[in-house]
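Notes to accompany the following structure.
Any read-out appearing in this document is the output of simple, stated calculations on the displayed coordinates, not a laboratory observation. If you're wondering where the values come from, they're calculated on a predicted model, not measured in any experiment. Cβ coordinates were reconstructed from backbone atoms using ideal geometry, including for glycine residues, and neighbour counts include every protein chain displayed.
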Amino acid sequence: MTATQILAKLVSFPVLGGESNLSIANWIQTYLESKGVKVYRFLNEEGTKASIHCRIGPSIDGGVILSGHMDVVPVKGQEWDTNPFELIDKGDGNLYARGSCDMKGFLATCLANVSEMQKANLKKPIYFAFSFDEEIGCLEGENMVNQIKATFNETPKYALIGEPSLLLPIVGQKGIYVLKTVVTGSSGHSSRIRQEVSAIHESARLILWLENKMNQLVANGHIDKRFNPSHTSIHIGRIEAGIAPNIIADKATFYWDVRVIPQDDVLHIVNEFRAFCDELELEKGKVFKDFKIRTTDEHPPVPALNTDESSPIVGLVKRITGNNEAATVSYASEAGQFAEGGYESVICGPGSIAQAHRANEYISIDQLQNGVEMIRNLVRELSSQ
Ligand SMILES: [Zn+2]
């Protein structure tokens, strides 16, 4: 099958992040097994989702993991001109479908090259590591790393995460942590402002603390010019609270995210926030003893990526793509998790992030073809060492 034919098959499985992915995982497993590849699959606890791993080439230290996710983002509320789960060639040089670019295009370039990999005299192995639930917070990334370690006796050295980058090597990425804070105060007539503790007023204090924290980091020189904005950002995106202007709110909930540059420690920032919350609880507890602030994870933290440009994986990806400029991005991916797992990692895949997650998502036929070439060049590199 060609990459286009495989891509057409892959996009026909409408598997969203969070949903069972067995349909697409089974198809990929059957395809690989039909080529004689030994597939390792790991099920989630409920047995509804599977990650797919395999190795092609010798069981020797130092190979390259090709990593991608099988899930896609929803199409609900988006105005598509065509069926999002059918690969459409409109004759304009682009192939349209949900996931065509993010990131089943990359999976197709890997799968289309299995025979090339088998025929080549690979000196170092190539691994596939295909995950699920990436689009709802990179929930499987850490497990993927542990599964690789549990499955293979040898140790891969590098990971190439095929998120759409127009085949530019991406060496840096911000980390992300999404949280929810619930403030419980006391209710009453708004005139009783001194006798009650308003959850809204206390939330406002916490939100300002977070904004000040962000500004303080900047003032203290926590800057990485490779990113825009060039600092860690802290943002509150949603708040729910209150009934009427004349009623003191006894509950307020706000949702926020921290997007960290590689130099900043997200847990340190959140722990400082928790310490401030503890102080506030003590103080306001004198007015209302059940005053509480609770902060929980909406998504576990996804680490930043910060691969040294002198790392051999960067040189390798430059050679196999012909792109000599390394770049950084602000979106999150599993790359930081692979890097944290000990594999030097670069993001590089066909298609543009500008086309991802939107209506009429597409990958250009050129990009798909160049992606196939990139994998072929990788096979050549690993055969000639
Ligand atoms: Zn993606």
Requested in this report: Translational diffusion coefficient, Stokes-Einstein: compute it for the chain using the Kirkwood radius over C-alpha pairs as Rh, at 37 °C and 0.692 mPa s, and state it as an integer in µm² s⁻¹.
Outcome: 146
Query raised in the report: For Ala354, what charge total do you get from the other residues with a beta carbon under 11 Å from its beta carbon, if Lys and Arg give +1 and Asp and Glu give -1?
Result: -1
**Report entry** Summed residue charge, Cβ within 11 Å of Ile247's Cβ, Lys/Arg positive, Asp/Glu negative
**Finding:** -1
Query raised in the report: Rounded to the nearest 20 Debye, what is the dipole magnitude of the chain about its Cα centre when Lys and Arg each give +1 and Asp and Glu each give -1 at the C-beta?
Result: 260
**Report entry** In nm, spacing of pseudo-spin labels at Lys180 and Glu279 (7 Å Cα→C-beta vector)
**Finding:** 2.8
Query raised in the report: Going 7 Å from the Cα of Thr82 toward and past its Cβ, which residues in region 361-385 have a backbone nitrogen under 18 Å from where you end up?
Result: 361-369
Query raised in the report: Which whole-number percentage describes the relative contact order of region 331-385, with Cα contacts under 8 Å and a sequence gap of 6 or more?
Result: 22
Report summary line: FRET efficiency for Lys90 and Ala219 from the Cβ-Cβ distance with R0 = 45 Å, rounded to 0.05, comes out at 0.30
Query raised in the report: So which trypsin sites (Lys or Arg not before Pro) in region 186-288 are both in a DSSP loop and have at most 10 other Cβ atoms within 10 Å of their Cβ?
Result: Arg194, Lys225, Lys286
Query raised in the report: Where in region 277-313 does the label zone of Ile239 land, with the point 7 angstrom along Cα→C-beta and an amide N cut-off under 15 Å?
Result: none
Query raised in the report: Going by average Cβ neighbours within 10 Å, how do the peptides 96-109, 27-40 rank, with the highest at the top?
Result: 96-109, 27-40
Query - Within region 107-123: backbone nitrogen closer than 19 Å to the Arg380 label point (7 Å, Cα to C-beta) - result: 109-123
Query raised in the report: Using r as the Cβ-Cβ distance of Ala327 and Ser187, and R0 as 35 Å, what FRET efficiency do you calculate, to the nearest 0.05?
Result: 0.10
Report task. Return a whole-number percent for the relative contact order of region 175-301, with Cα pairs under 8 Å and 6 or more residues apart as the contact set. Result -> 43
Query - Mean Kyte hydropathy of -1.0 or more with a Cα span along the axis of at least 18 Å, helices from DSSP in the chain - result: 199-219, 266-285, 365-383
Query raised in the report: For region 132-213, what log10 I(q)/I(0) values come out of the Debye formula at q = 0.22 1/Å, with one point per alpha carbon and no solvent?
Result: -1.16
Requested in this report: Return the subset of Lys124/Lys318; Lys213/Lys286; Lys90/Lys119 for which the Cα-Cα distance in this structure is over 23 Å, preserving the input order.
Outcome: Lys213/Lys286; Lys90/Lys119
Requested in this report: At a Cα cut-off below 20 Å, give the lysines reachable from Lys284, other chains included and same-chain residues fewer than 8 away excluded.
Outcome: Lys251, Lys292
Requested in this report: Compute the FRET efficiency between Ile136 and Glu309 as 1/(1 + (r/R0)^6), taking r as their Cβ-Cβ distance and R0 = 30 Å, and round to the nearest 0.05.
Outcome: 0.45
Query raised in the report: Setting aside same-chain residues fewer than 8 positions from Lys49, which lysines have a Cα under 26 Å from its Cα?
Result: Lys9, Lys35, Lys38, Lys76, Lys104, Lys149
Report task. State the answer as a single residue: which of Leu168, Pro262, His231 lies farthest towards the positive end of the charge dipole of region 168-307, with beta carbon charges of +1 for Lys and Arg and -1 for Asp and Glu, about the Cα centre. Result -> His231
Requested in this report: For region 175-301, give the magnitude of the charge dipole about the Cα centre (Cβ charges: +1 Lys/Arg, -1 Asp/Glu; no others), in debye to the nearest 20.
Outcome: 240
Query raised in the report: So what is the relative contact order of the chain, in percent, for Cα pairs below 8 Å that sit 6 or more residues apart?
Result: 26
